[in-house]
1. Percent of alpha carbon pairs in region B:66-172 separated by more than 19 Å?
2. How high is the relative contact order of chain B, given as a whole-number percent (alpha carbon pairs under 8 Å, six or more residues apart)?
3. What are the extents of the Cα atoms of region B:5-88 along their three principal axes, listed from largest to smallest and rounded to whole Å?
4. With a 10 Å cut-off between alpha carbons and a GNM built on chain B, which of B:Ser74, B:Ser26, B:Ser65 moves the most?
5. Just to be sure I understand: with springs between alpha-carbon atoms less than 10 Å apart, which residue in B:Tyr175, B:Tyr103, B:Tyr148 has the highest mean-square fluctuation in the Gaussian network model of chain B?
6. Please give the per residue volume of the convex hull enclosing the alpha carbon atoms of chain B, rounded to a whole number of Å³.
7. Checking the a/c ratio against 1.5 first, then a/b against b/c, what shape does the Cα gyration tensor give for region A:196-278?
8. Gap in Å between the Cα centre of region B:213-278 and the Cα centre of region A:157-217?
Number of protein chains: 2
Amino acid sequence: FSMESHSNQGPTKFMEFPYVSTPHKSLMVDLVSTVETRLASQLLPCALPPDVQYYENESGTNHASLHIRSGLTSSPIDFILGSWLHCQLPTGGALNITSFSSYLNPSTDAPNFLLELIQSSPTSLVLILDLPPRKDLVLHSEYLQTFYEDTQLDAPRQKLEKLAEVKPYYSSSLYIRSVVSPTAILVRIEAQEGGLNLEDIIENHVGPVAKEVLGIWLDKCACGKREVGENERGELKTRDDLVKRKTIEIDLGSNFPRLFGPDAADRVLGAIREAYRV
Amino acid sequence: FSMESHSNQGPTKFMEFPYVSTPHKSLMVDLVSTVETRLASQLLPCALPPDVQYYENESGTNHASLHIRSGLTSSPIDFILGSWLHCQLPTGGALNITSFSSYLNPSTDAPNFLLELIQSSPTSLVLILDLPPRKDLVLHSEYLQTFYEDTQLDAPRQKLEKLAEVKPYYSSSLYIRSVVSPTAILVRIEAQEGGLNLEDIIENHVGPVAKEVLGIWLDKCACGKREVGENERGELKTRDDLVKRKTIEIDLGSNFPRLFGPDAADRVLGAIREAYRV
């Protein structure tokens, strides 16, 4: 990566996904493009500084890209956030994480979108795919019905579960386990000797399921026109802000300084906190 | 079962668990006795009519027992509820369910206790074991920390998960999936040819884990002296009542009339609603 590539080409740089397999890259580009096309009129351009859109550590072993676009005030979109990260591991392998999330603002109570692919070896992938609810589902069973039962959101999860290569994945963070919905796809995919390879599984199984879930999110959540009254917005904002703060703390707080040095970590965390407004 | 056995021997009848294996029965008796001994001074006797403590269907193929003891007003215990159910299946096999739960009242916000063993074949068992939270964990991360992280409640789940015979179990009800905690044990145990049989697994694996979770519940929840102010009690009661109502609806509403006829179903559901006060 030459220094020139940092300047003023953020979305492109982000959309390169340079360290992952072709089907993995295609899937990410497909998902992000689908959202950016469908919501084009509601999104501001990415306003991150170039050294946050792309950054690396001093020794050049770790590389990462961040892409954030806020929604217009008139839109229910709070912001969309994509990222990729590549880290050489001491063992000689590499860790590759790609993620894409969409957050709605308190003008609606519809669920957010969350996708993360964590690949720590050529044969093993963790997939996190969910529409995290923005209310306590126990207290709001009509919300559960609307967004999770009526949309049949458990069907894509059941499809993936049937593959022999798919095992449940338990996040080490109980908070993350609490944030996701009862239809969340939290799985570890292990390619097996003589079976499908990981690229096949991403192309033919993860991809279709991720697109199906994103389609439900776009139709029923982002464009569902489910508005909430002024009274309820304060409550939603409190919960949303808590989730954002805890997610930063869990996902980034401890790892980023170690992986990219304190300066880059401060810069990137600052940019995320600004987008998150927390 | 002679008619005589119905009268006035409720707890004994309940404690017989006549249709399940010896280790399964021992485990249930152990758990119920542990709670009834430890909380003896806080529990009223079982006040259910004999034809609710034990009942069967007209053709005598289905048998069941219910055991409910309310807590004294001065106690944080709302009630404890145990049951067993035996149904002959059209296929020639039998369905056996045994369950034991403990509900706390709104003087405390500590989690409840929930255990259910569902055996639908000699080689297969579903285990549901949890301390269901009584608050939205996303909004109350200090509650998550106190009852789930500091107690290391995920450790017993991880122990069971390691067994080759243990697979995740997904309740068909998304509401039930929402009610349980992030450390909930929701598993299907399938004995395998040449491996451990189900009785071994219950005795040596399910039993120790269930006792460990119950121990945490007794020490930290039932006897944890975590009281809440008057203000918060209303909110807790609303959520508790909703959970109780939905649980009755999901667990019993549709199946009971079919299994035991409308009269017995009305009688038993009435008794449960009275104990639940919903």
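The values are calculated or read from the model by the stated rules, or taken from the named source; none is laboratory data. Since this is a predicted model, take the numbers as computed values, not measurements. A quick note on method: Cβ atoms are made from the backbone with ideal geometry, for glycine too, and the neighbour counts reach across all protein chains shown. For the accessible areas, the whole protein counts, side chains as well, though only heavy atoms, and no ligand, DNA or RNA atoms are used. Shrake-Rupley method; radii C 1.70, N 1.55, O 1.52, S 1.80 Å.
1. Working: 3365 of 5671 pairs.
Of all Cα-Cα pairs in region B:66-172, 59 percent lie more than 19 Å apart.
2. Values: 437 pairs, mean separation 49.2, N = 278.
So the answer I get is 18 percent.
3. In descending order, the Cα extents are 44, 29, 18 Å.
4. B:Ser74
5. Between B:Tyr175, B:Tyr103, B:Tyr148, it is B:Tyr175 that shows the largest mean-square fluctuation.
6. Values: hull volume 35.3 nm³, N = 278.
Value for chain B: 127 Å³ per residue.
7. Details: a/c = 3.05, a/b = 1.04, b/c = 2.94.
Here region A:196-278 falls in the oblate category.
8. Distance between centres, Cα-based: 34 Å.
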